[in-house]
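The values are calculated or read from the model by the stated rules, or taken from the named source; none is laboratory data. Computed from a predicted model, the values in this text were never measured in an experiment. Please note: Cβ atoms are built from the backbone with ideal geometry, for glycine as well, and neighbour counts cover all protein chains shown. Just so you know, the surface numbers come from the protein's heavy atoms only, side chains and all, with ligands and any DNA or RNA stripped out. Shrake-Rupley method; radii C 1.70, N 1.55, O 1.52, S 1.80 Å.
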Amino acid sequence: MEHIEETAPEVADAIHGEIEREENGLEMIASENFASRAVMEAQGSVMTNKYAEGYPGKRYYGGCEHMDTVEELARERALEIFGADHVNVQPHSGTQANMAVYFSVLEPGDRVLGMDLTHGGHLSHGHPANFSGKLYDVQHYLVDEETGRIDYEGLAEQAQEFEPDIIVTGASAYPREIDFERLGSIADEVDAYHLADIAHIAGLVAAGEHVSPVPHADFVTTTTHKTLRGPRGGMIMCDDEHASGVDSAVFPGTQGGPLMHVVAAKAVCFNEAQTDEFDEYQAQIVENSRALASVLKDDGWSLVSGGTDNHLVLVDLRDEPITGKDAEEALEDVGITVNKNTVPGEEEPPTVTSGIRVGTPALTTRGMGTEQIERVGSMISRVLSNIDDESVKQEVADEVETLCDEFPLYPDLS
Ligand code: DSN
């Protein structure tokens with residue numbers, strides 16, 4: 001950091017501030033994680049200096065031999081992990097990955113059937129404020145509001161009626177296992193492409209903790225920084241028949257020069273994802289999530305779908321005197337970071353909401369197990385039941401500090 005401190009001290013201060021925030025708080029945003037020092041080293045390396053438009057062996061600039069090496073490594077490892085025919089590791093983000101898939105097989109005005117955002121979907125699955133909602137004719141499928149689970153029957157009927165060109169599956173706030181095989185069959189029945197966006201659950205899929213969509217989807221997109229615990233970025237996997245379409249939709253279709261420092265960091269992440277330790281980590285994420293759900297339920301909180309199969313729980317606050325925003329703010333006051341989140345049947349605006357989404361990937365990376373997560377669950381309960389009681393909040397803030405001290409995150413940085 002000495003170079004930044006010298007040339008841009010205000011930026012250095014912000015980075016130090018973020019290190020302290022991460023170190024001294026309980027990070028429970030379900031889409032966040034802590035990358036390894038090795039991943040961050042690659043991402044902060046000289047690989048950021050190089051333009052490498054094109055693909056390994058077919059670049060538009062000279063001097064790309066080391067770029068080819070890291071991109072090939074990332075591709076090989078991703079294919080080994082997920083078992084797809086083809087992979088493109090250049091998308092800058094999950095949305096860019098989805099955009100490239102759409103551009104590879106759809107024309108503007110084509111029909112997209114994706115999960116509703118308030119029911120757990122994602123902006124890039126056809127939300128009207130997103131390019132995907134503006135460019136395509138979109139319908140959304142829902143979860144059953146009673147069970148909180150995807151209404152597969154309803155989806156199948158909707159698909160028969162709507163005749164979509166593509167069905168987008170996967171979610172950003174859905175606590176249950178997704179039946180990709182069934183979704184793939186529904187897409188087949190209506191002759192639609194199937195795009196499975198596994199951004200949230202990619203690490204679980206890699207470790208066999210969640211069923212893989214690869215055999216059941218034409219395209220699988222993901223980010224690499226959530227449960228997969230790599231650098232911030234995206235990736236597309238597809239069948240051989242779509243390989244060249246996807247590659248040209250990424251470059252030159254929707255992106256220029258790839259972020260080669262991020263591609264290098266993806267290669268490092270995929271190396272880590274092939275270890276037994278990574279598999280154990282993913283299993284622990286799910287165990288922790290179940291332990292969290294159990295404590296919250298025992299304390300009387302209502303959970304969407306009544307529990308969890310994956311890395312997150314969704315607390316439904318509609319019958320409580322507080323909103324998602326109130327809950328997020330109260331928890332932030334004590335050092336627990338979550339995000340307010342819409343719940344199925346939501347009536348509040350997205351800036352307020354009636355729920356919170358709480359994830360375990362980041363705390364599990366710190367080494368916390370069910371014993372610690374149960375303590376955290378109890379802290380969350382006490383804060384949400386007493387959001388105006390400063391003494392309760394101070395007591396919990398002290399417990400957060402003790403727990404963080406017990407599980408240091410980046411000891412050589414802080
Ligand atoms: N913002 C991400 C999430 O929190 O789920 C999705 O892109």
Quiz item: Since Val101 meets every condition but one in (1) assigned to a loop (DSSP other than H, G, I, E, B); (2) closer than 20 Å to Ala159 by Cα, which condition does it not meet?
Solution: (1)
Practice problem: Could you identify the single residue in Ala38, Ala74 that is touching a Lys or Arg at 6+ places or on another chain (Cβ under 6 Å) and part of a helix (DSSP H, G or I)? | Solution: Ala74
Quiz prompt | Selection from the stretch 167-185 of residues that are away from the ligand (no atom under 16 Å from the Cβ) and open to solvent by less than 10 Å² (accessible area, probe 1.4 Å) | solution = Ile167, Phe180, Leu183, Gly184
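Rundown of residues vs (1) touching a Lys or Arg at 6+ places or on another chain (Cβ under 7 Å); (2) surrounded by fewer than 16 Cβ atoms within 10 Å (Cβ to Cβ), yes/no style:
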{"residue": "Ala283", "(1), (2)": "no, yes"}
{"residue": "Val295", "(1), (2)": "no, no"}
{"residue": "Asp319", "(1), (2)": "no, yes"}
{"residue": "Val338", "(1), (2)": "yes, no"}
Quiz prompt | Filter result (over 18 Å from Pro56 (Cα atoms) and either open to solvent by 10 Å² or more (accessible area, probe 1.4 Å) or of a type in the set (Ser, Thr, Tyr) (or both)) within the stretch 260-277 | solution = Asn271, Glu272, Gln274, Thr275, Asp276, Glu277
Self-check item: Condition met for Ala156 (surrounded by fewer than 20 Cβ atoms within 10 Å (Cβ to Cβ), part of a helix (DSSP H, G or I), more than 15 Å from the ligand (Cβ to nearest atom) and not charged (D, E, K, R))
Solution: yes
Quiz item: among the polar types (S, T, N, Q), within 16 Å of the ligand (Cβ to nearest atom) and open to solvent by less than 30 Å² (accessible area, probe 1.4 Å) - does that describe any residue in the stretch 224-245?
Solution: yes
Self-check item: Answer residue from the stretch 116-129, given it is in contact (Cβ under 8 Å) with a residue 24 or more places away in the chain and part of a loop (DSSP other than H, G, I, E, B) and is nearest to the ligand (Cβ to nearest atom) among those
Solution: His122
Self-check item: Tabulated pairs, the stretch 364-380, first over 17 Å from Val334 (Cα atoms) and touching a residue at least 12 places away in the same chain (Cβ under 8 Å), second open to solvent by less than 20 Å² (accessible area, probe 1.4 Å) and among the small types (Gly, Ala, Ser), C-beta under 8 angstrom, 6+ apart or interchain
Solution: Thr370/Ala291
Quiz prompt | Selection count, the stretch 188-204, where residues are among the β-branched types (Val, Ile, Thr) and more than 16 Å from the ligand (Cβ to nearest atom) | solution = 1
Practice problem: Identify, by number, the condition in (1) under 27 Å from Leu363 (Cα atoms); (2) open to solvent by 30 Å² or more (accessible area, probe 1.4 Å); (3) out of contact with any Phe, Trp or Tyr (no Cβ under 9 Å at 6 or more places or on another chain) that Val211 doesn't meet. | Solution: (3)
Quiz item: So which pairs qualify, if the first residue must be in the stretch 146-168 and under 19 Å from Tyr102 (Cβ atoms), the second must be assigned to a helix (DSSP H, G or I), the Cβ gap must be under 6 Å, and the two must be at least 6 apart or on different chains?
Solution: Ala159/Ile186; Ile167/Ala187; Val168/His125
Practice problem: Could you pull out the residue among Val383, Val392 that is surrounded by fewer than 20 Cβ atoms within 10 Å (Cβ to Cβ) and more than 23 Å from Gln282 (Cα to Cα)? | Solution: Val392
Practice problem: Within the stretch 340-363, track down each residue that is within 30 Å of Asp405 (Cβ to Cβ), open to solvent by 10 Å² or more (accessible area, probe 1.4 Å) and without any contact (Cβ under 8 Å) to a residue 60 or more places away in the chain. | Solution: Lys340
Quiz item: Quick one: would you say Pro164 is within 16 Å of the ligand (Cβ to nearest atom), open to solvent by less than 50 Å² (accessible area, probe 1.4 Å) and touching a strand residue (DSSP E or B) at 6+ places or on another chain (Cβ under 6 Å)?
Solution: no
Practice problem: Grab the helices (runs of 4 or more DSSP H) fully contained in the stretch 295-414, keeping just those with 2 or more residues being over 20 Å from the mean Cα position of the chain (by Cα) and more than 16 Å from the ligand (Cβ to nearest atom). | Solution: 324-333, 370-385, 390-406
Quiz item: Taking Ala84, is it open to solvent by less than 40 Å² (accessible area, probe 1.4 Å), away from the ligand (no atom under 16 Å from the Cβ) and assigned to a loop (DSSP other than H, G, I, E, B)?
Solution: yes
Quiz item: Going through the stretch 70-81 one residue at a time, which ones are open to solvent by 50 Å² or more (accessible area, probe 1.4 Å) and either within 16 Å of the ligand (Cβ to nearest atom) or of a type in the set (Asp, Glu) (or both)?
Solution: Glu72, Glu76, Glu80
Self-check item: Sole residue being open to solvent by 60 Å² or more (accessible area, probe 1.4 Å), of a type in the set (A, V, I, L, M), closer than 30 Å to Gly345 by Cα and away from the ligand (no atom under 16 Å from the Cβ), chosen from Leu135, Leu113
Solution: Leu135
